[in-house]
1. Mind putting a number on the dipole of the range 411-486 about its Cα centre? Charges go on the C-beta only, +1 for Lys and Arg and -1 for Asp and Glu, and I need it in Debye to the nearest 20.
2. Between the range 399-463 and the range 202-242, how far is it from one alpha carbon centroid to the other, in angstrom?
3. Mind ordering 252-258, 346-352 by average Cβ neighbours within 10 Å, highest first?
4. Give a quick list of GluC sites (Glu not before Pro) in the range 24-118 that DSSP marks as loop, anything other than H, G, I, E or B, with at most 11 other Cβ atoms within 10 Å.
5. On a straight-distance basis, which lysines could pair with LYS313 in a cross-link, Cα separation under 18 angstrom, same-chain partners fewer than 8 positions away excluded?
6. Tell me, Kirkwood radius of the range 16-161 from alpha-carbon pair distances, in Å?
7. Using only alpha carbon pairs under 8 Å that are at least six residues apart, calculate the relative contact order of the chain and give it in whole percent.
8. Using every alpha carbon pair in the range 291-423, what percent of pairs falls into each 10 Å bin from 0 up to the bin containing the largest distance?
Amino acid sequence: MICVSIARGRHRHVIAEHKHLVSQGATLVELRLDYITGEVNLKRLLAERPSAVVITCRRESDGGKWAGSEEARRMLLRSAIAEGVDYVDLEEDIAASIPRYGKTKRIISLHDFRRTPEDLDEIHARLVKQDADVVKIATMANHPHDNLRILQLMRRGRVPTVGLCMGDIGTPSRLLAGKFGAPFTFATFHHERTLAPGQLSYQQMMEIYHYERINADTAVFGVIGDPIGHSLSPMIHNAAFRKAGINAVYLPFRVPREHLMQFLDDAPELGIRGLSVTIPHKESVLTRLTDADAATKGIGACNTMVWDGNTVKGYNTDEHAALESLERAMAEDPGRSRSMAGLTALVLGAGGAARAIAYGLKNRGAKVVISGRTQQRAEQLADRLKCRVVDWTNRHGVGVDILVNCTPLGMHPNVNATPYEKHHIRPSMILFDTVYNPENTLLIKEGRTRGALTVSGVDMFVRQAALQFRLFTGQEAPMDLMREILKRQIGPAKY
């Protein structure tokens, strides 16, 4: 169950949002009285309420907005109990002064906006002693391991426990709460009105992650990186799981570089069975693989991890997806050779995607040239693949048959940038831009106006996601659905 927080200044807005949420399927809402301007009219808020309600009135020290006296705040909470509200949220230090009455259930809560304390079990035991029906502990996640600590606390709690890690590192704790036994988790009414760092909206929880379907048996997949908030993979994979009828959820895990190894140790305890791997972890995860496919070994980078018992196998779906996209485009172009053998391919960039694509091009007989904005990285990649490297400033001097952009130049929001000047593009060239947001980058647009064959990053992105889905589940992915969702998210309306 999801408890949706409503925090508005006027009573009529609170009531309207409450009714709207119930019409969308919500069964529990939290009314934040500390956000209401002026005198609070409890009878008006609670009369003919369409769902169960939690009444909360937070002090500023607990992350709230209550500006009145402490005596008035406690009187408001007692009045809510007298009105027969379903739940009342009481901080640990005031719980003893507000006795149980009627059928109102007591949520005894603690908030720590700085850290996740080491003594979680001691804190939990203290809160239970305050005549708690539900214990709520919300802490700041400074380390991905904090999520596992909070989730395990919920699983072993002897009274129903809601545990939340705040911040973007802590988002997984909100989404996995039900899997670990929480009676409910929290969401906000709208994603632009979050009440705590890292909080998701009710719509996101339901439509992207299908929270109400998550249970103890749900398999966990996800994407790890830093940053990770921009990733569209959760939308694509979760929709695919839903369509295929698979009990699984795909989450974003923000994992700073220094915390990667601890996170991988925690992965089985979190129920993780597979991960997509992105910047900056594609090389670092190699040390934790028990086996790897040929592409991962050859490239020296992994973008997919799959757990099977005690084995962890690594794959690189970028290489296969990128080269399949190129080959398909070449095959559909009348009069163009389908072979890359002997063609000169200039790869711009030296990151994970560049490594994968350059490796694939070389294996297909292309003469690969590397050019990156960081010369040292470009030289290292060229040395690994035994191919030529040119300085970034000299990239236009290469006689190019295939141009592949693996830099972020042209990516939203910098849509007016391009890694390759228009007047150097020839009709005989093939332009492949791995940037997928937007689909029609400036490089792609200018390539079309010059008559070149163009390949967008959307095709590669969907193909690599479909390959990961098959590795995760053993089933074929609904590629048309994946493509539709991706295009919907990066469509013109986004700009």
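Since every read-out is calculated from the coordinates, none of them should be taken as a lab result. Note that the structure is predicted; figures quoted are calculated from it, not measured. Quick reminder, even Gly has a Cβ in these numbers, built from the backbone with ideal geometry, and neighbours come from all protein chains shown.
1. 240 debye
2. 30 Å
3. Ranked from most to least packed, the peptides come out as 346-352, 252-258.
4. Answer by residue number: GLU39, GLU48, GLU118.
5. Leaving aside lysines fewer than 8 places away in the same chain, those within reach of LYS313 are LYS282, LYS297.
6. In the range 16-161 this quantity evaluates to 16.3 Å.
7. This gives 8 percent for the chain.
8. Taking all Cα pairs of the range 291-423, the binned fractions are 12, 39, 34, 12, 2, 0 percent.
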